[in-house]
Amino acid sequence: MNATAPKTFKATATRPLPGALIAAGVCVAALATAVAVLAVQGSPVIVVPALFISAATLWPAISLSKQVRAFPKVHVDSGGMTVSAQSHEWRILWEHATQVAVVPMHGLSNHGWLVVWPREGIAKPAPRPHFPEWRPELSAIKFCDLDLLGASRPEAIETIKKAAGPLWTDTPPRVEQRP
């Protein structure tokens, strides 16, 4: 579309991070308690629950930290946009889109999705976490949650507006909100 310098935006939102840190802390504390009790030959009544708590908090800590690491990168250039997360990548060319806009998320005034309306016949992305997805209620592809871009959100929107050129709209079609 327009001559736009390529730019990559890394998702910076870390909503799961506090939960991952708390779960990891509980896991370490419970494991340390079990080891300390074993070291002084204490009662197994304390060791078994401590080991159980440690094991029970290990999985959520690992799961939440994987979510933080899986946040996507959004690459914008004059040819289109690409989202990559872990080893997956999905790209839409501007010539395959009819419209690009920010759509408010379920009535939240300061939250939004970057949405692309594809031309007929364009393949939809495969469902994956933190990845573009087909949204039937929009008849469009939710490209990414702009809140994940953190402080770079305004710069990302400006870059996408320039790259998308006439495809960009500040007034997307009205979307039926789910309760």
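Values in this text are rule-based calculations from the coordinates and carry no lab data. In this text the structure is predicted, and so the values were computed from the model without any measurement. All Cβ positions, even for glycine, are placed from backbone atoms using ideal geometry, and neighbour counts span all protein chains on display.
For the stretch 155-164, backbone phi angles converted through the Karplus equation (6.51, -1.76, 1.60; θ = phi - 60°) give residue-by-residue couplings of 5, 5, 4, 5, 5, 5, 4, 5, 5, 6 Hz, Gly and Pro being listed as x. Applying 1/(1 + (r/R0)^6) with R0 = 45 Å to the Cβ-Cβ distance of Val40 and Gln86 gives a FRET efficiency near 0.55. With K and R counted +1 and D and E -1, the other residues having a Cβ less than 10 Å from that of Val83 yield a net charge of +2. Annotation for Thr171 and Thr98: the two label points, set 7 Å from Cα along the Cα-Cβ direction, are 1.8 nm apart.
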